[in-house]
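Each value in this text was obtained by applying a stated rule to the coordinates, not by laboratory testing. Computed from a prediction, not measured in an experiment: that's the story for all the values here. Cβ sites come from the backbone with ideal geometry, for glycine too, and all protein chains shown count toward neighbours.
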Amino acid sequence: MTGPGTPPAAPLERVVVSAPGKINLSLGVGGVDGRGYHQLATVFHAVGLVETITVERAVGLHLSLDSHVEGDVPLDGGNLALRAAELLRARGGVSEGAAISIDKRVPVAGGMGGGSADAAATLVALNRLWGLGIPPEELRRLGGELGADVPFAMLGRTALGRGNGGDLSSVLAEGQWHWVLAVPGGQLSTPEVYRRFDQLVLEHGRDVRQVPEPDADQLQALRCGDVELLGQTLHNDLQGPAFTLHPGLEPVIALAEGAGACGAIVSGSGPTIAVLARDAEHAAELAGVVQASGLVRETHCTTGGMPGARILEES
Ligand code: ATP
């Protein structure tokens, strides 16, 4: 309790925040709205591959990266963590700076929202370091200006995304979900996968004005902890376009399904593939089969439904 004579708390010097990568359990893509965004109905699911961001007081904004994954990450103003810091500084009327370090574990350009997780963690960390006190909902709205996946990286667990994906509602997901994340070589550019989607839609004459609906069976599977039903309802409208751009994906899905996975799906715009297992032992067995095939660069066994961006340490 504070009162007269209680010295004010010293300002924080350092804050450490983690934020999860995500997979999409379903991704229905519809037509384009007036601002040029595709209308989505997607179920985001946060997994245990996690980014950790450390922010420390500094003059000006600085960025450093310790990456445990392959792939080029911009260290200039194009980096989503720096863009998040600049946005918060502008909106919060902040003149202070920060040194931001990213400990990167989410595959780069892998369809797992790693850059978005960095942006989410940076917003949470700097909100605390600079003592801005912006409430979570407003911080998520700010994050949505940086990218459609950023608000989910703050919310975490499992959530339904509508609109461009940033319009979120939490989904009840009972029990523990076990996944193998299979990372093939190569990267896929999200805009390119959407362009391919548009091309295929035109060729097949689908109604592009439609607004996709959430999959009621999938929401039921999550509520009941029914892993077999969840496996049957995994669905991604970007998977076909991703297959045409990256021929290495379809064989991995076929292999995992043939080896007894409950389901397998390209995550978001790919190329990471999420393989659903019954339990931890089953996941380890499936990871062994997929890794031994030589079709992928790496596999990770993990669980789903992880929390969103959260403070790990502050001093
Ligand atoms: P998207 O969010 O576009 O679907 P993704 O989840 O597939 O992307 P990310 O790892 O977030 O993949 O990165 C996509 C691109 O964004 C990268 O190729 C990189 O050039 C750029 N980028 C900007 N900031 C970051 C960051 N902090 N981490 C990773 N990539 C970043």
Alpha carbon centroid spacing (whole Å) that separates region 6-48 from region 130-198: 4
Order by protection proxy (mean Cβ within 10 Å, highest first), peptides 49-57, 10-18: 49-57, 10-18
Compactness of region 63-128, expressed as Rg and Dmax over alpha-carbon positions, Å: 11.9, 36
Given charges at Cβ of Lys, Arg, Asp, Glu: the chain dipole, positive-most of T272, G240, G156: G156
Sorted peptide list for 109-122, 254-267, criterion being average Cβ within 10 angstrom, highest first: 109-122, 254-267
Residue (of Q176, M306, S116) at the positive-pole extreme of the chain, dipole from beta-carbon charges: S116
Where a label projected 7 Å from the Cα of E257 along Cα→Cβ would reach, residues of region 287-315 with amide N under 19 Å: 287, 289-291, 293, 295-296
Length released on extending from E313 to R35, taking residue separation times 0.36 nm less the Cα-Cα span: 96.2 nm
P(r) of region 14-170 over all Cα-Cα pairs, binned every 10 Å from zero, in whole percent: 12, 42, 34, 11, 1
Dipole magnitude of region 26-144 about its Cα centre (Cβ charges: Lys, Arg +1; Asp, Glu -1), debye to nearest 20: 320
Dipole magnitude of region 177-304, debye to nearest 20 (Cβ charges: Lys/Arg +1, Asp/Glu -1, about Cα centre): 320
Beta bridges by DSSP in the chain, antiparallel share as percent, to the nearest 5: 85
Size of charge dipole - the chain - debye, nearest 20, with Cβ of Lys, Arg +1 and Asp, Glu -1, no other charges: 620
GNM result for the chain, Cα springs below 10 Å: residue of A125, A99, A58 fluctuating most strongly: A58
Relative contact order (%) - criterion: Cα under 8 Å, at least six apart; region: the chain: 27
Order of F44, F243 - criterion: other Cβ atoms within 10 Å of each residue's Cβ, fewest first: F243, F44
For the chain: span of alpha carbons on each principal axis (Å, largest first): 68, 46, 38
Protection proxy ranking, peptides 183-189, 269-275, average beta carbon neighbours within 10 Å, highest first: 269-275, 183-189
At R0 = 45 Å, FRET efficiency that the Cβ-Cβ distance of E228 and V94 yields, to 0.05: 0.35
